[in-house]
Structures are given as structure tokens and as C-alpha cells.
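Notes for the one structure printed next.
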Amino acid sequence: MATSDIEANVHQLINPQTRENALLELSKKRENFPELAPYLWYSFGTIAALLQEIVSIYPLLSPPALTAHASNRVCNALALLQCVASHQDTRSMFLQAHIPLFLYPFLNTSSKTRPFEYLRLTSLGVIGALVDDTDVINFLLSTEIIPLCLRTMEIGSELSKTVATFIVQKILLDDVGLNYICATAERFFAVGAVLGNMVVSQAQSQDQPPSQRLLKHIIRCYLRLSDNPRAREALRSCLPELLRNPQFTACLKSDDTTRRWLAQLLMNVGFPDAAAQLANDIVNPTPLTTS
């Protein structure tokens, strides 16, 4: 797509009559134009138009009346906001404007229909594009992001659960996030309960094997929690037994990284025998040889 076409489509966003087609064209071609984010941010009225698209469907959220067409249209707007959220020249301004808060009503829905699921997944993509430094995490923790992610981890599709768990993982990997989650028993057990329920639901799925991708993020969350002394003590009694069950963990046989994460987690919380079955070198590290 030529720069002139991009500029024309961006200008068409501020006209309600031409906006829908412009949203579609820009969302389809956004990856081919790396500097789209500054165009969107600095063009007169463009961000306001995108927010107008978001706010306009709030009345369709409850009672649930969101159609596939309306969902696709607002998701095209969200895809453009994700460009702004992920671009180094616009992300800080995107955050300072508190634009992520406009997406929270979409994460607070409970309908499992495809239009709502697509809306949740695309909204999580915008949040996920932001979560990579302490300033962002401080901002998110001042909002309702943890409860909203936990909600999606409970009711979303496998893909939405995976993205929501990834966001929680990224928050936990920062010391600010880990300290926040482990500051109170209520927060820790809220996160632990949802992680545990997801492990159980993976085992109970009759028509498909456990999702390696989702389990990878779940195990990484548990491993990071075990870095906190109080959380490590609590995990000794509330870590799902399935994670010590070789029949269940056999699905990780081809994923060496996750298997070693799980072995380290089991070592941390006091299950060396189960850890040895996954990665014996973690339990009995190879001695350093001197030349």
C-alpha cells in the first residue's frame, strides 16, 4: 500500500460515511506499513474516531446483542489501536491517555458467542502489546487488569485464555507485579485458583490433548510465584497434583523448556522425586569439570 493510500484511508476515518471501509483497509495492510502508528496518532481526529467506534458498541454488551458485523468493525479499530500501543514513538502517549481503560468493558463480558470472544481476544492483544516495562505494569496494576484477565482465563476460548495468561505472566515476571500479587493472600489465592482450575480443565478435555502453549504460560506463572517465599510455602499445598502426574505431563515431552520449568517449580516447592522424572539434571546438576 502506497503512502498516499495510507494517508487517504487515515483521513477517511474521521468521516462516518467512509470510516468502515477505511478501518477494514488499514487493518488489513497495517503490517506492511511500519509507520502507521504515528500517522494515526498525529492525524487530526483519528484517535477520537477510533474511540468513538469503541464507545458506540457499549450498549450492545449488556444485555448481549453484539452481531458479527459490529464485532468485526470494532475489532478493526482495535487492531489499529494495537499498532499505536506497540510502536515505540506512540506507546507512551497511548498509555498516558489511559486508552486501555476504554477496552476494559470488553474484557468484563461473559457471553461466549463468537462476536464477544473475538472482541475479548482482540482487546487482550492491545494490552499484550503494552506489557513489557515497569511503568506499564505500574499503570495496569492501578486498574482492574488482574481481575479482568482472571475472568478471561476462566471463561474464554483456549486462545483468549492463552493471551490472558501471557499478560499475567508478563506482569509476574516484573518484580513490581510479583510483589503486588503476593502482597495479600487474597490476591495470591485468586490467581492460584484460576491457574489450578485451568490445569484441571486441560486434563478433563475429552476431545483434544492438553494445550502445550497454554500449559507453558501456566507453568511459567507458577514458577515465578515460587520465587516469592510466602507464595512458595503456599504452593506446597495448593499446586495441582496433576503437575506431578507423569501421564498428564507427558504432553510436555517435546517441549524441553517448559519441562525444565516444571521440574524447577517442583524442586522449589519440595517435590524432588517428581522433578527428577522430568529433568534429572535439575535435581542432580552435572558437576563442573576443571581443566
Near pairs, Cβ below 9 angstrom, 6+ apart or cross-chain, from region 26-44 (within 21 Å of HIS98 (Cβ to Cβ)) to any residue that is among the polar types (S, T, N, Q) and part of a helix (DSSP H, G or I): ALA37/SER86; LEU40/THR46
Members of region 167-195 found to be part of a loop (DSSP other than H, G, I, E, B) and free of Cβ contacts under 8 Å to residues at least 40 places away in the same chain, listed by number: ALA183, THR184
LEU66 over 24 Å from CYS221 (Cα atoms), touching a Leu at 6+ places or on another chain (Cβ under 7 Å) and not in a helix (DSSP H, G or I): yes
Residues being over 20 Å from ARG232 (Cβ atoms), modelled with pLDDT of 90 or more and either of a type in the set (S, T, N, Q) or touching a His at 6+ places or on another chain (Cβ under 6 Å) (or both) - total across region 255-291: 1
Selected residue [within 20 Å of LEU173 (Cβ to Cβ), surrounded by fewer than 16 Cβ atoms within 10 Å (Cβ to Cβ) and not β-branched (Val, Ile, Thr)] from PRO229, PRO272: PRO229
Residue list for region 135-166, restricted to those being farther than 26 Å from ALA203 by Cβ, open to solvent by 50 Å² or more (accessible area, probe 1.4 Å) and in a helix (DSSP H, G or I): ASP135, ASN138
Top-ranked residue of region 63-78 - restricted to ones that are of a type outside the set (S, T, N, Q) and open to solvent by 10 Å² or more (accessible area, probe 1.4 Å), ranked as farthest from GLU20 (Cα to Cα): PRO63
Residues of region 204-224 satisfying the condition of being closer than 23 Å to PHE188 by Cα and either among the hydroxyl-bearing types (Ser, Thr, Tyr) or more than 18 Å from the chain's Cα centre (by Cα) (or both): TYR222
Evaluation of ALA37 against (1) assigned to a helix (DSSP H, G or I); (2) under 24 Å from the mean Cα position of the chain (by Cα); (3) within 17 Å of LEU121 (Cα to Cα) (one fails), failing number: (3)
Condition broken by THR249, with the remaining ones in (1) more than 21 Å from the chain's Cα centre (by Cα); (2) open to solvent by less than 40 Å² (accessible area, probe 1.4 Å); (3) modelled with pLDDT of 95 or more; (4) of a type in the set (Val, Ile, Thr) satisfied: (3)
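The values are calculated or read from the model by the stated rules, or taken from the named source; none is laboratory data. Computed from a predicted structure; not experimentally measured. Cβ: placed from backbone, ideal geometry, glycine included. Neighbour counts: every protein chain shown. Keep in mind that these areas ignore ligands, DNA and RNA; they rest on the heavy atoms of the full protein, side chains included. Shrake-Rupley method; radii C 1.70, N 1.55, O 1.52, S 1.80 Å.
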